[in-house]
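What follows is one structure encoded as structure tokens, with my remarks underneath.
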Amino acid sequence: MKVFINKRIPQIGIDILKENNLEIITQETEHPTYQEWLENCKKADVLLSVGGKNKYDKAFFDACPDIKAIALFSVGFDQVDIAEATKRKIPIGNTPDVLSRATSDVAFLLMQMVSRKANYNIEKVKSGNWKDFDALEELGQELYGKTLGVFGLGRIGFEMAEKCKAAFGMNIIYHNRSHNEQAEKELDAKYVSFDELTQQSDIISIHANYTPEQADIFNKSVFEKMKKNAIFINTARGGFHNETDLLEALKSGKIWGAGLDVTNPEPMDKTNPLLQLPNVCVLPHIGSATIEARNGMAKLASENIVAFSKDEKMPTIVNPKVYD
């Protein structure tokens, strides 16, 4: 069985595939064209998909009819048309759990950096603009006892809420498709409507799986409902927020600050005016960028492929109906 890996991954994943006698195809060019990428996909039986903007939709599956399974090197699966894959009996695996702590760490970091305008102050030091003490210059805000609103309280959202409650004694509210009984029991989290989440939160942190129906769900009308001291954190997918509306909300003082590990589009252009604001911190999508998390992702993605090669169910499958 041939496995195409479109980008480099930690060695632990390669070793697992080789130990199970799977043939590995790698991308020879560093920045392949779509057609070069597609040609390698056509050579493979299974894909280990690492990042990238290419979509696995009907057009792709039509062009690559021999693809039998896809193992994603991510938790999110918005780049795959799951309905189409399920229709064609193509299992899709992802990598949940192993990156929950690392990603929530980045959300927690962004919240603190924005609350103390750290990015602005770092630049002040780097530019040599560290002037005399000014008791009123670009003051931050404290987080103790504030209300954290989690949009999508799954594994990563739970980790973020747990950190915020332990470190700052925060009150936790959340909006989900369903109730999270563990969070309600252990964190005293309260389920609220989307409107209540936007209106009551001092910090809103997004941790949901993205779907096209949720595009720009955080837009002008939502930002206008938020508290003026509110901090907006997005470490999930850039598509959740309208960047033009976010910029306007920040510049006009409708909300207090924003921390982004994901942007729309990605990567963010270096001339983006968001980068000039003192109350904004942007990171280059590094939520899972730890040795531990990336090793765990490589291991799990490879184990999904090995299981498939042995006619077994993938350990972490997105569309289990393919086995019905």
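The values are calculated or read from the model by the stated rules, or taken from the named source; none is laboratory data. Note that the structure is a prediction, hence the values are computed from the model and not measured. Don't worry about glycine lacking a Cβ; one is built from the backbone with ideal geometry, like all the others, and counts go over all protein chains shown.
Cβ separations smaller than 8 Å between residues 6+ apart or across chains give the following pairs from the range 210-226 residues that are among the polar types (S, T, N, Q) to residues that are in a helix (DSSP H, G or I): GLN214/GLY239; GLN214/PHE240; ASN219/ASP245. Can you confirm whether THR211 is at pLDDT below 95 and touching an Asp or Glu at 6+ places or on another chain (Cβ under 7 Å)? When the stated conditions are applied, THR211 passes them. If the Cβ limit is 7 Å and pairs must be 6+ apart or interchain, which residue in the range 163-178 that is without any contact (Cβ under 8 Å) to a residue 24 or more places away in the chain pairs with which residue that is surrounded by 13 or more Cβ atoms within 10 Å (Cβ to Cβ)? Note: pairs meeting the criteria are LYS165/ILE172; LYS165/LEU187. Looking across the range 27-38 at every residue that is out of contact with any Asp or Glu (no Cβ under 7 Å at 6 or more places or on another chain) and exposed (fewer than 14 other Cβ atoms within 10 Å of the Cβ), the one that is nearest to GLU303 (Cα to Cα) is identified as GLU28. Tell me, yes or no, whether the range 230-247 has at least one residue that is without any contact (Cβ under 8 Å) to a residue 12 or more places away in the chain and within 26 Å of VAL125 (Cα to Cα). No, every residue in the range 230-247 fails to be without any contact (Cβ under 8 Å) to a residue 12 or more places away in the chain and within 26 Å of VAL125 (Cα to Cα). Scanning the range 298-324 for residues that are in contact with a helix residue (DSSP H, G or I) (Cβ under 8 Å, 6 or more places away or on another chain) and of a type in the set (A, V, I, L, M, F, W, C) yields ALA298, ALA301, ILE305, VAL306, MET314, ILE317, VAL318, VAL322. Confirm whether LYS42 is at pLDDT 95 or above, surrounded by fewer than 17 Cβ atoms within 10 Å (Cβ to Cβ) and either assigned to a strand (DSSP E or B) or in contact with a Cys (Cβ under 7 Å, 6 or more places away or on another chain) (or both). Yes: the conditions hold for LYS42.
When ASP132, ASP62, ASP81 are checked against the criterion of being touching an Asp or Glu at 6+ places or on another chain (Cβ under 7 Å) and farther than 28 Å from SER201 by Cα, a single residue qualifies: ASP81. Kindly indicate whether PRO320 is modelled with pLDDT under 95 and under 23 Å from the mean Cα position of the chain (by Cα). So PRO320 fails the test. Considering the range 65-152, the qualifying helices (runs of 4 or more DSSP H), each wholly inside and each with 3 or more residues that are surrounded by fewer than 18 Cβ atoms within 10 Å (Cβ to Cβ) and assigned by TED's automatic domain parsing to the domain that holds ALA301, run over 82-87.
Taking the range 73-106 as the range and being more than 23 Å from PRO10 (Cβ to Cβ) and within 13 Å of the chain's Cα centre (by Cα) as the test, only ASP78 passes. Under the condition of being under 18 Å from THR103 (Cβ atoms) and in a loop (DSSP other than H, G, I, E, B), the residues counted in the range 188-210 number 4.
Among the helices (runs of 4 or more DSSP H) confined to the range 211-324, the ones with at least 3 residues that are surrounded by 20 or more Cβ atoms within 10 Å (Cβ to Cβ) are located at 243-251, 291-309.
Here is the figure for the range 1-13: residues that are assigned to a helix (DSSP H, G or I) and farther than 11 Å from ALA301 by Cβ total 1. Of all residues in the range 15-30, those that are under 10 Å from MET1 (Cα atoms) have Cβ atoms under 9 Å from Cβ atoms of residues that are aromatic (Phe, Trp, Tyr), 6 or more apart or on another chain, in ILE24/PHE4.
For the range 138-165, which positions are of a type in the set (Asp, Glu) and under 20 Å from GLY257 (Cα atoms)? GLU138, GLU142, listed by residue number. A search for C-beta distances below 7 Å between a residue of the range 271-290 that is closer than 15 Å to ASN121 by Cβ and any residue that is assigned to a loop (DSSP other than H, G, I, E, B) and among the charged types (D, E, K, R), counting only pairs 6+ apart in sequence or on different chains, returns PRO278/LYS117; PRO278/GLU138; ASN279/LYS117.
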